[in-house]
1. What's the carbon and sulfur percent of the chain's accessible surface, probe 1.4 angstrom, rounded to a whole number?
2. Hey, could you grab the Kirkwood Rh for the range 1-127? Inverse mean 1/r over distinct alpha carbon pairs, Å, one decimal.
3. What are the semi-axes of the equivalent ellipsoid for the chain, taken as the square roots of 5 times the Cα gyration tensor eigenvalues, largest first, in whole Å?
4. Tell me the per residue accessible area of the chain using a 1.4 Å probe; a whole number in Å² is fine.
5. How large, in Å, is the range 112-265 by the Kirkwood hydrodynamic radius built from its alpha-carbon pairs?
6. Using each residue's phi in the range 227-237, evaluate 6.51 cos²θ - 1.76 cosθ + 1.60 at θ = phi - 60° and report the 3J(HN,Hα) Karplus result to the nearest Hz, with x for Gly and Pro.
7. For the range 47-109, what's the radius of gyration and Dmax over Cα atoms, in angstrom?
8. So how long is each side of the range 175-265 along the principal axes, counting just the alpha-carbon atoms, biggest first, in Å?
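The values are calculated or read from the model by the stated rules, or taken from the named source; none is laboratory data. Computed from a predicted model, the values in this text were never measured in an experiment. A quick note on method: Cβ atoms are made from the backbone with ideal geometry, for glycine too, and the neighbour counts reach across all protein chains shown. In case anyone asks, the SASA skips ligands and DNA or RNA and just uses the protein heavy atoms, side chains included. Shrake-Rupley method; radii C 1.70, N 1.55, O 1.52, S 1.80 Å.
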Amino acid sequence: MVQKQLLAATFPIHYTISGAGEAVVLLHGFGQDGAIWQSLKVVLEKQYKVIIPDLPGTGNSESDITGITMETLAENIKLLLDKEQITLCSMIGHSMGGYISLAFAERYGHHLQRLGLFSSMAYADSDQKKEGRKKTIDFLSRHGTAMYLQQSVPKLFSPESNENNPAQIREIIQRYSNLSSASLVHYTEAMMNRPDRTAVLEHFAGPVLFIFGEQDTAIPIDQSLRQSHLPEISYIYIGTHSGHMGMLEETGFCIDAVTYFLSGK
């Protein structure tokens, strides 16, 4: 594995590259960093060139991200691919990473062979969801990241995961408690202001992967299923024991889904 940094972007990005073959980009979600993909990376790098960024303001990509949007993030990922001389790749985004993947597909779809949404959706925030985002911004501004994660992270996991693997949830809270609360506020604003991108799914030329958690309270299953009928070719996987964090809750199931999807079978 090689660690690199893209400094020419609007917001500097630290990223890793491992393996060889067709390029696969994995984009993490809100309040996390690229380490969330570790189990999947270990499998994929045996057959693919795996690129995993720490999105700006997370992990090793420390920076002021004032004014960040899903569109500027997509542009920065394009600059990263240009640096690595990659003209065609598959891209899979978890949660907010899916929003970025959709923004990338909207602008640079001809550079994408396959697109994956992992506990993510193409719909814009509803008014109710936006009110929730505003409460998140207020809470982060008043109480900081650590307290926010303590109350929000358990809700990302299914009741089953909370009961059977509380140590894993505590580890996630501890690992990301040092993330800048200002960065999380900027990301929350960017998610709240993103547009509807269902047309991207309708017109995307390649296959689209959907991985959902049946017990996901962040992305309701009815919305997940509704959008999965938009692409011409969809691969749909529903984790019956998962909430929002399937790559940690049902790791083997998610690895099998991604590897089958990338194989093109």
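1. 50 percent
2. Numbers: mean 1/r = 0.0697 Å⁻¹.
By the Kirkwood definition, the hydrodynamic radius is 14.3 Å.
3. Whole-Å semi-axes of the equivalent ellipsoid: 24, 22, 19.
4. On the way: 11260 Å² over 265 residues.
Ligands and nucleic acids excluded, the figure is 42 Å² per residue.
5. Details: mean 1/r = 0.0599 Å⁻¹.
That comes to 16.7 Å for the range 112-265.
6. So the Karplus estimates, Gly and Pro as x, are 6, 5, 8, 6, x, 5, 10, 10, 10, 10, 10 Hz.
7. Gyration radius and largest Cα-Cα distance of the range 47-109: 11.7, 37 Å.
8. Answer, in whole Å and largest first: 42, 31, 24 Å.
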